[in-house]
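The values are calculated or read from the model by the stated rules, or taken from the named source; none is laboratory data. Everything quoted here is computed from the prediction, not taken from an experiment. Ideal geometry is used to build each Cβ from the backbone, glycine not excepted, and the neighbour counts take in all protein chains shown.
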Ligand code: BG6
């Protein structure tokens, strides 16, 4: 294994940071927990824009803001070579005045310095499902072109501040998840009577432009910086050998690949362009030029599960088992996804998320998560086969370095981390950190691979 390979892990501000009183709110701060319902609110916040009383798990996260030194020391003990985290735009700009909050900038200076002190490569995501709420309330998010300008100002501020220590930049977390979560990813709330697809395409156009502006900003400030955007890599299989299932699969996959196509190739593929025209999106010459000239240096990808296309409606894949949260477990799909992506784009790929979200039990102060070790082991094996196939993978970051608030359900008990965090679904707990068995397993694996 190449010594430069980035073995690491990921976290995000909206799910772990807390430090609620010293920043403004993010989109997830006002959405409560809900096993069956939360995702619907991440698409459209509905009554939650009126802030009813309740428990909102993202507001405190797991108090990374207070615990970051202790957490980074644990990451170093585990041997992580890289940590991906998000800067909270809402900590840097408390509102739409263009003056940054020095205390917020200082916080990430401290995080970055602490990582570097421990020889951990910092990787920044500029928005990880944690857009400022003021961007929604004042501008309705990326549906509004003004937000592209505000984003450009925000990223210029942070790239200027951190570029001497941060080489890898990721514009957005899972841009394609906007297909299902317009509010969380687009910062946009659909109004009565609006055509959702039209609004989605408008947001997509603006987000793609914003992504290109991050690439431009980074390369202007330092041509050695490397910029990616994260896409959720979810290969889709046809249920049967029917051409109709295959056709449906192709259409489903395009809904994901349309974003990466533009960001890597620098132009809109014909099928996407057709839709943009259908929805009367104003495609400006100068924007097209920016997107053409500022393409990604690498692709950041998450991998959790695969999907199935069937003209008879949603079905479970009979060949695969599911997690307790009904996500398929498909290590081979990981190798397939990496090959498909490399074949299509021929760009380096950084795996920025992969992991198992499930319940853990604390027994005598220990967590024996052999199921997580097994899951990660199988996925790493398949990634290594993809590398043998010739795919240029430059890093593998798991989700997540430690337990954080889950996105889809807002639950703490859906745990992904190598480090258990004592915070429970009802908000109780001491925030104590306990390394799980998987912590020591990953520590050993990294040591072996780095020999
Ligand atoms: C990815 C997100 O979609 O998956 C993370 O980037 C998220 O923010 C992770 O936490 C796992 O999903 P969930 O919904 O189980 O937390």
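Scan 31, 11, 62 and give me the residue that is within 16 Å of the ligand (Cβ to nearest atom), at pLDDT 95 or above and more than 17 Å from residue 399 (Cα to Cα).
That would be 31, the only listed residue that is within 16 Å of the ligand (Cβ to nearest atom), at pLDDT 95 or above and more than 17 Å from residue 399 (Cα to Cα).
Out of (1) buried (at least 24 other Cβ atoms within 10 Å of the Cβ); (2) under 18 Å from residue 128 (Cα atoms), what's the single condition that is false for residue 418?
(2)
Check off (1) touching a helix residue (DSSP H, G or I) at 6+ places or on another chain (Cβ under 8 Å); (2) over 14 Å from residue 132 (Cα atoms); (3) not in a loop (DSSP other than H, G, I, E, B) for residue 28 and give me the number that stays unchecked.
(2)
Yes or no: residue 158 in contact with a strand residue (DSSP E or B) (Cβ under 6 Å, 6 or more places away or on another chain), outside any loop (DSSP other than H, G, I, E, B), at pLDDT 95 or above and crowded, with 20+ Cβ neighbours inside 10 Å?
Spelling it out, it is not the case that residue 158 is in contact with a strand residue (DSSP E or B) (Cβ under 6 Å, 6 or more places away or on another chain), outside any loop (DSSP other than H, G, I, E, B), at pLDDT 95 or above and crowded, with 20+ Cβ neighbours inside 10 Å.
For residue 58, which of the numbered conditions (1) within 25 Å of residue 121 (Cβ to Cβ); (2) touching a helix residue (DSSP H, G or I) at 6+ places or on another chain (Cβ under 8 Å); (3) crowded, with 22+ Cβ neighbours inside 10 Å fails to hold?
Residue 58 satisfies all of (1) within 25 Å of residue 121 (Cβ to Cβ); (2) touching a helix residue (DSSP H, G or I) at 6+ places or on another chain (Cβ under 8 Å); (3) crowded, with 22+ Cβ neighbours inside 10 Å except (1).
Go through 383, 350, 341 for me and flag whichever is within 16 Å of the ligand (Cβ to nearest atom) and either in a helix (DSSP H, G or I) or within 30 Å of residue 69 (Cβ to Cβ) (or both).
Every option except 350 fails the conditions.
Evaluate the range 120-131: report whether one residue or more is at pLDDT 95 or above, surrounded by fewer than 17 Cβ atoms within 10 Å (Cβ to Cβ) and on the phi < 0 side of the Ramachandran plot.
no
What are the residue pairs meeting all of these: first residue in the range 1-29, first residue over 30 Å from residue 379 (Cα atoms), second residue part of a strand (DSSP E or B), Cβ atoms under 8 Å, and 6 or more apart or on different chains?
Qualifying pairs under 8 Å: 24/132; 25/132; 26/132; 27/132.
In the range 353-380, which residues are within 16 Å of the ligand (Cβ to nearest atom) and outside any strand (DSSP E or B)?
Result: 354, 355, 356, 357, 359, 360, 369, 371, 372, 375, 376, 379.
Any residue in the range 128-142 that's without any contact (Cβ under 8 Å) to a residue 12 or more places away in the chain: show its pairings with residues that are part of a loop (DSSP other than H, G, I, E, B) and away from the ligand (no atom under 16 Å from the Cβ) at Cβ separation under 6 Å, as long as the two are six or more apart or on different chains.
Listed by first residue and then by second, the contacts come to nothing, as the list is empty.
Only one of these conditions is not met by residue 219: (1) buried (at least 24 other Cβ atoms within 10 Å of the Cβ); (2) more than 30 Å from residue 320 (Cβ to Cβ). Which number is it?
Residue 219 satisfies every listed condition except (1).
Of all residues being out of contact with any helix residue (DSSP H, G or I) (no Cβ under 7 Å at 6 or more places or on another chain) and surrounded by 14 or more Cβ atoms within 10 Å (Cβ to Cβ) in the range 262-304, which is farthest from residue 336 (Cα to Cα)? Just the residue, please.
288
Please name all residue pairs, on different chains or six or more residues apart, with Cβ atoms under 6 Å, provided the first residue is in the range 304-329 and is within 21 Å of residue 247 (Cβ to Cβ) and at pLDDT 95 or above and the second residue is in a strand (DSSP E or B) and within 14 Å of the ligand (Cβ to nearest atom).
Matching pairs, first to second residue: 306/328; 317/328.
Within the range 193-233, work out how many residues are within 16 Å of the ligand (Cβ to nearest atom) and over 18 Å from residue 264 (Cβ atoms).
Looking only at that region, the number is 0.
Mind checking which pairs have a first residue in the range 369-395 that is closer than 22 Å to residue 437 by Cα and a second that is part of a loop (DSSP other than H, G, I, E, B), Cβ under 6 Å, 6 or more apart or different chains?
Pairs found: 369/360; 369/436; 372/356; 375/356; 379/354.
Report yes if some residue within the range 315-322 is away from the ligand (no atom under 16 Å from the Cβ) and assigned to a helix (DSSP H, G or I); otherwise report no.
no
Please name all residue pairs, on different chains or six or more residues apart, with Cβ atoms under 8 Å, provided the first residue is in the range 398-419 and is within 22 Å of residue 334 (Cα to Cα) and free of Cβ contacts under 8 Å to residues at least 60 places away in the same chain and the second residue is more than 10 Å from the ligand (Cβ to nearest atom) and assigned to a loop (DSSP other than H, G, I, E, B).
These pairs meet every condition: 415/359; 415/360; 415/403; 417/401; 417/403; 417/436.
Kindly indicate whether any position in the range 80-87 is in a helix (DSSP H, G or I), within 20 Å of the chain's Cα centre (by Cα) and within 26 Å of residue 159 (Cβ to Cβ).
no
State the number of residues belonging to the range 168-192 that are surrounded by 24 or more Cβ atoms within 10 Å (Cβ to Cβ), assigned to a loop (DSSP other than H, G, I, E, B), at negative phi and within 16 Å of the ligand (Cβ to nearest atom).
Residues flagged as surrounded by 24 or more Cβ atoms within 10 Å (Cβ to Cβ), assigned to a loop (DSSP other than H, G, I, E, B), at negative phi and within 16 Å of the ligand (Cβ to nearest atom) within the range 168-192 amount to 1.
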